[in-house]
Each structure stands twice: as structure tokens, then as C-alpha cells.
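Enquirer: Submitted below is the structure of interest, expressed as C-alpha cells.
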Amino acid sequence: MQRRELLKLMAAVPFAGAAGRLMAAPAAEGTKLLVVFLRGAYDCASLLVPTGSDFYYASRPNIAIARPGMPGGALPLDGNWGLHPVLAQTVMPMFQQKQAAFIAFAGTDDLSRSHFETQDSIELGQALDKRRDYGSGFLNRLASVLGAGPLAGVSPMAFTNQLPIAMRGSAKAANMALAGSARPSIDARQSEVISAMYRNTALAQPVAEGFQVRDEVVRAMQAEMDAASRNAMTAKGFELVARRMARLMRERFDIGFVDVGGWDTHVGQGGAIGYLANRFEELGRGVAGFAEEMGDDAWRQTVVVVISEFGRTFRENGNRGTDHGHGSVYWVLGGGLSAQAGGRIVGEQQEVAQATLFQNRDYPVLNEYRAVFGGLFRRMYGLSPAQLGRVFEGVAPKDLELV
């Protein structure tokens, strides 16, 4: 085998973490967390529609979602907010069952409005005024605090081609994309060559665990694809991936991460129908499919958080789209959401009006994401202040009573 080919194969090995559950961390037993990152900055004002704001309709003459009761109108959530109509069969029932909540005016204080810089800073979860450590992502730090490893209770997994920044760090985390074919990029012979290279070294066990995780994922995907060939599965796109994620998280992984692209809508964004509506519909099918595939028992112990790097400008632009903004809306889904949060818009809010826009163009950030995640992690895992400090240094958790 040529050295260049060998290096390429080695790079494709998912160096996995926990291979078993010999001694689970008590606070994390059975608890599942999935973070869905919408890369490209989605237009939250088309998702969570400020139906009580006349300013919204004046600012978006072509792309606004109509008020409830009108053709193509938003689904009423309360007196001030509505939901995009394409989510009527997926997310809306979850909201009505108190298994979904939305955090308005959420996000980061990063003002670069750069997709890449802001995505990085969110995944890192570090203070903006300090030097970035790209080897330490916030989900990896959470896994480390909870005790990820061969003898611990949590297994992190990124359902991506490459290990995302959020999963980088001292806790071992696996990664593998679930879209497309279930055929592994490394066959059995190549796996043996790589394993032989590391035999009797400190990396022998991580390499073996990596191949073990890969084989488990491939088997699960192949079983699903075999069923689909007999017309047992009709899901496509993100829903298909989400259902695969659910099966793996239900049985094997505790902290998950996946990213979904295609949210940068500068031109031809659309309103109740169109490009963005199609993306929302696909995402809604995905999260609803994930919940269904998890099953009632596991879903009650699962929290899904949908985030994006920032929001978009409140006013539409000349191309019937929206540009890079600031504040966003986060989704929180799960069968165990609290009565205080489920079926509600939570977090600090304010009137949607010209006078309240940030820099006269965007939603402000009133619910800083690290504080929100910190409050969620404290409730989910019972973390102490010191443990939370290891995940988000110097951040006071904001308890929104989500779970």
C-alpha cells in the first residue's frame, strides 16, 4: 500500500471514545442531548413569526408570513407569536403536547456577522475577549465533565464527515456522517493493515474502538437500507438522517451533534412557500422523525436544541431575501420538557418594534447562548457550579426551567 493511500485511510478512522457502559455517570444515566446546528444563519422571523407586530409586516412587504387565519398564515402560538405554516404536521403538534419550546432573542454577543467566525466561536463556547483554543469545544468539555471514556457513562458522537469544533477536546468522540451509502470507506483488509500498525502501542485501543464504532454504525445503516428496499421506509433527506441518528442515540450514544446547511437566504427567500419554507418543512420532518424513532421512553429523557450562528436582518432586502443579522431563535424539543417551558416562548423578550432593533437592523441578543446552555446542563445533569465553569468558564447559567 502506498504511504499516501495509507494516510488517507487513517484519516477516515473515527477514533471513538466509550466502548461500553461499565460505570455510568449517575447524573447522565439515560439522558440524551442532540445539538442541531443550522449553518448559514436561518431567518428566525419567518420561523417564529411576530404576528402581533405591525412593524414586522411593514418591514417585509414581500416575504412576511401572514397573520393566523389568513391564507398561508402563521400557526398561532400565543397572542404575539406564530409558527411557520409548513410545520403544522410536525413541530406544531409537539408544541401543543408541550414537547417543544422556543427561545426568542437568543444567540451570541459576537458581532463579526461572519458565518465562519461566529460558527467557530459558538462551537468553542469560550469568552470572546480571550484567545481561542481550537482544541476545546463546549460539547467535548461537557462530555469530559460527565466522564466520557471506556469506563464512564457517556458516549459523544458527531453525525458529520469531520469532527466538528464543538466535539474537539480531551474526551474521545466518534464522528461519522449518516447520509448516503452505508458502505464503509475502509474495507476489512485495510482496517487490519491500520490496526496492525498500532498494535502494541498506546493507540491500539482507540483505533480498535474507532473501527468498532464504524462497524456498528454501518450495520445499523445497512439494516435500515435493506428495509427501505422493501418499501418499509419512505423518508428522504434530513428525516432519513435524523431517524438513523435516533436509532444510534437510543442504543449507543448520549451526546450528539449534527449540522444542516443551506440557510443563507440573501435572494428569493420566499414566505409561506418557496425556498426557506421547503427547508423548514424538511427540518420539521427530521426532528419529528427523530422523536418518533427514539420511542416514548427514550424521548422523555432526550433534549434536542436547534441553533444557528446568528439571525438575519429584520427588514427584507431588495432581492426579497435577508442579510446577516444578530439575534436568533433557538428551538428546544423533548418529551421531558417542563410545564414551565413546554408549549411556550421562553427567555427574556421585548416588543418587536423599530425602537427595539439592535443597531436599527436586527433582533438583539437577550438570552446569551452559553448562559442558556449552562442553565440547561445544570438541570439535565445536576452539574455543580465548578463543573459548569469547566464547560463555560466565567458564565453565570440562565435557568429557563426547560426541563
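Enquirer: Applying 1/(1 + (r/R0)^6) with R0 = 30 Å to the Cβ-Cβ distance of S112 and Q162, what FRET efficiency is obtained, to the nearest 0.05?
Expert: 0.85
Enquirer: Working out 0.36 nm times the residue gap between K130 and R390, then minus their Cα-Cα distance, what length gain in nm do you get to one decimal?
Expert: Full-extension gain reported as 92.1 nm.
Enquirer: Using the Kirkwood formula on the Cα atoms of region 327-403, what hydrodynamic radius do you get, in angstrom to one decimal?
Expert: Result for region 327-403, one decimal place: 13.8 Å.
Enquirer: Figure the gain on full extension for R67 and A196 (residue separation times 0.36 nm, minus the Cα-Cα span) and round it to one decimal in nm.
Expert: Extra length from R67 to A196 when fully extended: 40.0 nm.
Enquirer: Then there is this: Explain nothing, just the number: dipole magnitude of region 288-386 about its Cα centre with +1 on each Lys and Arg Cβ and -1 on each Asp and Glu Cβ, in debye rounded to the nearest 20.
Expert: Result for region 288-386 is approximately 220 debye, rounded to the nearest 20.
Enquirer: Right, something else. Bin width 10 Å, origin at 0, all Cα-Cα pairs of region 257-403: what percent of pairs per bin?
Expert: Calculated P(r), rounded to whole percents: 10, 31, 36, 19, 3.
Enquirer: A follow-up question, please. Determine ³J(HN,Hα), in whole Hz, for all residues of region 288-297 in sequence, where each value follows from phi through the Karplus function 6.51 cos²θ - 1.76 cosθ + 1.60 and θ = phi - 60°; x replaces Gly and Pro.
Expert: Computed from phi, the couplings for region 288-297 are 5, x, 4, 4, 4, 5, 5, x, 4, 5 Hz.
Enquirer: While we're looking at this one, here's another question. Would you work out the relative contact order for region 88-159, in percent, from Cα pairs under 8 angstrom that are 6 or more residues apart?
Expert: Working: 34 pairs, mean separation 10.2, N = 72.
Relative contact order, region 88-159: 14 percent.
Enquirer: With the radius of gyration and the Kirkwood radius both derived from the Cα set of region 232-307, what is their ratio Rg to Rh?
Expert: 1.03
Enquirer: Just to confirm the filter: which chymotrypsin sites (Phe, Trp or Tyr not before Pro) across region 67-126 are DSSP coil and have at most 14 other Cβ within 10 angstrom of their Cβ?
Expert: Sparse-neighbourhood loop chymotrypsin sites (Phe, Trp or Tyr not before Pro): none present.
Enquirer: Can you tell me the relative contact order of region 282-403? Whole percent, Cα pairs under 8 Å, sequence separation 6 or more.
Expert: Dividing the mean separation by the residue count of region 282-403 yields 23 percent.
Enquirer: Using the Kirkwood radius over C-alpha pairs as Rh, can you work out the diffusion coefficient of region 34-113 via Stokes-Einstein at 4 °C, viscosity 1.567 mPa s, in µm² per second?
Expert: Estimated via Stokes-Einstein, D reaches 93 µm²/s.
We did not get these values from a lab; they are worked out from the coordinates using the rules stated. Only a predicted model underlies this, so the values are computations on that prediction, with no experimental measurement involved. Methodologically, a virtual Cβ is constructed for each residue, glycine included, from the backbone with ideal geometry; neighbour enumeration extends over all protein chains shown.
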